[in-house]
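Written below as structure tokens is the structure these notes are about.
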Amino acid sequence: NPVIYVLAGAPIPTRYAFPDHLSGQNANTIPGLDADAEMARVLALRPQYLVIDRERWDLMREPAKAMLSAAMARDYNHVTTLSGSAGTIEIYRNRL
């Protein structure tokens, strides 16, 4: 969510700032959005961190999961897993 970027002092890499805009089942219902192309564009920027909500992983579109899985395997190291009342997230940091 955008708050992570604000707390990290990082610019939001896409105008579609909410995870469901790029990865959710209804992503391609947003006018003018090719969710797969936008996800590929953002991942090509090689963000410093990826924050993955595993509790919502099964709700993601298959192409989004495939792109994220490939990026994590190729370019990222798992840093930590955080659990709290809102759920569990995994944080991955770019190897470069």
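How far apart, in nanometres, would the label points at Ser69 and Val3 be if each is projected 7 angstrom from Cα along the Cα-to-Cβ direction?
3.0 nm
Tilt of helix 35-44 relative to the longest C-alpha principal axis of the chain, in degrees (0 to 90, nearest 10)?
40 degrees
Can you tell me how the stretch 55-96 classifies by the Cα gyration tensor, rounded, prolate or oblate, using a/c under 1.5 as the rounded cut?
Numbers: a/c = 4.20, a/b = 1.12, b/c = 3.73.
It is oblate, given that a/c is not under 1.5 and a/b is not larger than b/c.
Per the 1.4 Å probe, what fraction of the accessible area of the chain, in percent, lies on carbon and sulfur atoms?
Working: 3510 of 6110 Å².
Of the solvent-accessible surface of the chain, carbon and sulfur hold 57 percent.
Per residue, how much accessible surface does the chain expose to a 1.4 Å probe? Answer in Å², no decimals. It would help to have the intermediate numbers written out before the result.
On the way: 6110 Å² over 96 residues.
Ligands and nucleic acids excluded, the result is 64 Å² per residue.
Loop-only trypsin sites (Lys or Arg not before Pro) in the chain, please: DSSP not H, G, I, E or B, and at most 12 other Cβ atoms within 10 Å. Present the calculation step by step, with values, prior to reporting the outcome.
On the way: sites: Arg15, Arg41, Arg54, Arg56, Arg61, Lys65, Arg74, Arg93, Arg95; in loops: Arg15, Arg61, Arg95.
Qualifying residues, ordered by number: Arg15, Arg95.
Restricting to Cα pairs below 8 Å that are 6+ residues apart, what does the relative contact order work out to for the chain? Please round to a whole percent. Walk me through the numbers on the way to the answer.
Working: 107 pairs, mean separation 23.8, N = 96.
Relative contact order, the chain: 25 percent.
The values are calculated or read from the model by the stated rules, or taken from the named source; none is laboratory data. Since we're looking at a predicted model, the values are computed, not measured. Cβ atoms come from the backbone with ideal geometry, glycine included; neighbour counts cover every protein chain shown. Note: areas computed on protein heavy atoms with side chains; ligands, DNA, RNA excluded. Shrake-Rupley method; radii C 1.70, N 1.55, O 1.52, S 1.80 Å.
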